[in-house]
């Protein structure tokens, strides 16, 4: 089973949870930018939560299904269409062989996730199928997908959904959805942060500006980091720092005083002062912010950050139970009238 890339779009890569445990060797974790949408994409087709998916950025990407396939689309709404028909998101969808799925333009957010029952079948590199573009490793030959690529799918899926007749339509979607209550890609976003390692080294007025003023996402932002434009942040006195470990959501401040939020393809060490750390529950929101988006920061305690994470995980477990229940209903409905 496989997919054929009809149009490469702006950027599309194979990603999973990333390369964990190799930071000490200078290998970036990489992996998906939006872990929330990623997990749901896999769950909605009955995959394990860590199967490889396609991460599609912005617009213009198109694939053709070379066999019948169950898929799900989550994350940003990039106006997915199939033969001129709008394709719903956040649910299992059955596509007929030969159908072409197109991601036209961003309505909200900027990264969409396409999961296929069984998962993407590319070789693992250091325990992950994720693409790390800067090093040219992982994913599909270590690079972004190109027009004409044929992407293999795991031949034996965990199980099969019942196939659905599609009448005269190229696809059929179930009626239920796991869409989030909030909308991706809001014009202004409040990000919750804890204090960074060098928080105390910044001037008091710089810290006040950091929390009181607004920052804008610059066009130079990418999978490595989100560059922000706003009031410059200055230190009490010039200092040289020994490089130390960084992670997703670390906010570094280089010499020009403009913050950078490190993301999935970040370096493993950073020598710039770190003013704050984005709470893990808010990193998926950062991943969906297009250039021009406005950001404000709100300080929370490490305890509150942990509480928010545990609460999110509790809700995710409940959501997975709901999805698993709905999928079982699909099996039971195999002999009933079509959806």
Q: Determine if region 19-33 includes at least one residue that is within 19 Å of residue 91 (Cβ to Cβ) and within 15 Å of the chain's Cα centre (by Cα).
A: no
Q) In this structure, is residue 75 in the same structural domain as residue 14 (by TED's automatic domain parsing) and not in a strand (DSSP E or B)? A) no
Q. Among the residues of region 112-136, which ones are more than 19 Å from the chain's Cα centre (by Cα) and part of a strand (DSSP E or B)?
A. 125
Q) Residue check, residue 203 against (1) modelled with pLDDT of 95 or more; (2) closer than 25 Å to residue 57 by Cβ, all met but one. Which one? A) (2)
Q. Among the candidates 75, 109, which residue alone is under 20 Å from the mean Cα position of the chain (by Cα), surrounded by 23 or more Cβ atoms within 10 Å (Cβ to Cβ) and under 18 Å from residue 43 (Cα atoms)?
A. 75
Q.
Give me the residue from region 224-240 that is touching a helix residue (DSSP H, G or I) at 6+ places or on another chain (Cβ under 9 Å) and surrounded by 13 or more Cβ atoms within 10 Å (Cβ to Cβ) and, out of that set, farthest from residue 258 (Cα to Cα).
A. 235
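Looking only at region 285-303, decide whether some residue is over 24 Å from residue 58 (Cβ atoms), without any contact (Cβ under 8 Å) to a residue 60 or more places away in the chain and surrounded by 13 or more Cβ atoms within 10 Å (Cβ to Cβ).
Looking through region 285-303, none of the residues is over 24 Å from residue 58 (Cβ atoms), without any contact (Cβ under 8 Å) to a residue 60 or more places away in the chain and surrounded by 13 or more Cβ atoms within 10 Å (Cβ to Cβ).
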Q: Go through region 189-208 residue by residue and tally those that are in contact (Cβ under 8 Å) with a residue 60 or more places away in the chain and in a loop (DSSP other than H, G, I, E, B).
A: 3
**Q.** strands (runs of 3 or more DSSP E) wholly inside region 1-60 that include at least 3 residues being touching a strand residue (DSSP E or B) at 6+ places or on another chain (Cβ under 6 Å) and farther than 20 Å from residue 285 by Cα
**A.** 2-8
Q) Can you name the residue in region 284-303 that is assigned to a helix (DSSP H, G or I) and touching a strand residue (DSSP E or B) at 6+ places or on another chain (Cβ under 8 Å) and, of all such residues, is nearest to residue 230 (Cα to Cα)? A) 286
Q. Exactly one of (1) surrounded by fewer than 16 Cβ atoms within 10 Å (Cβ to Cβ); (2) over 20 Å from residue 20 (Cα atoms); (3) out of contact with any helix residue (DSSP H, G or I) (no Cβ under 7 Å at 6 or more places or on another chain) is unmet by residue 269. Its number?
A. (2)
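Take the residues in region 85-99 that are in contact (Cβ under 8 Å) with a residue 40 or more places away in the chain and in a strand (DSSP E or B), then tell me which one is farthest from the chain's Cα centre (by Cα).
85
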Q: Determine if region 251-273 includes at least one residue that is within 21 Å of the chain's Cα centre (by Cα), in contact (Cβ under 8 Å) with a residue 40 or more places away in the chain and within 30 Å of residue 170 (Cβ to Cβ).
A: no
Q: Take residue 264 and decide whether it is at pLDDT 95 or above, assigned by TED's automatic domain parsing to the domain that holds residue 220 and within 18 Å of residue 207 (Cα to Cα).
A: no
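Conditions (1) under 22 Å from residue 129 (Cα atoms); (2) modelled with pLDDT under 95; (3) outside the structural domain of residue 151 (by TED's automatic domain parsing); (4) surrounded by 21 or more Cβ atoms within 10 Å (Cβ to Cβ), marked per residue:
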{"site": "13", "(1), (2), (3), (4)": "yes, no, no, yes"}
{"site": "49", "(1), (2), (3), (4)": "yes, yes, no, no"}
{"site": "63", "(1), (2), (3), (4)": "yes, no, no, yes"}
{"site": "86", "(1), (2), (3), (4)": "no, no, no, no"}
{"site": "94", "(1), (2), (3), (4)": "no, yes, no, yes"}
Q.
Yes or no: region 201-211 includes at least one residue that is surrounded by 15 or more Cβ atoms within 10 Å (Cβ to Cβ) and within 25 Å of the chain's Cα centre (by Cα).
A. no
Q.
With the requirement that a residue be within 17 Å of residue 87 (Cα to Cα) and touching a helix residue (DSSP H, G or I) at 6+ places or on another chain (Cβ under 7 Å), what does region 44-70 give you?
A. 44
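The values are calculated or read from the model by the stated rules, or taken from the named source; none is laboratory data. Bear in mind the structure is a predicted one, so any value in this text is a computation, not a measurement. Cβ sites come from the backbone with ideal geometry, for glycine too, and all protein chains shown count toward neighbours.
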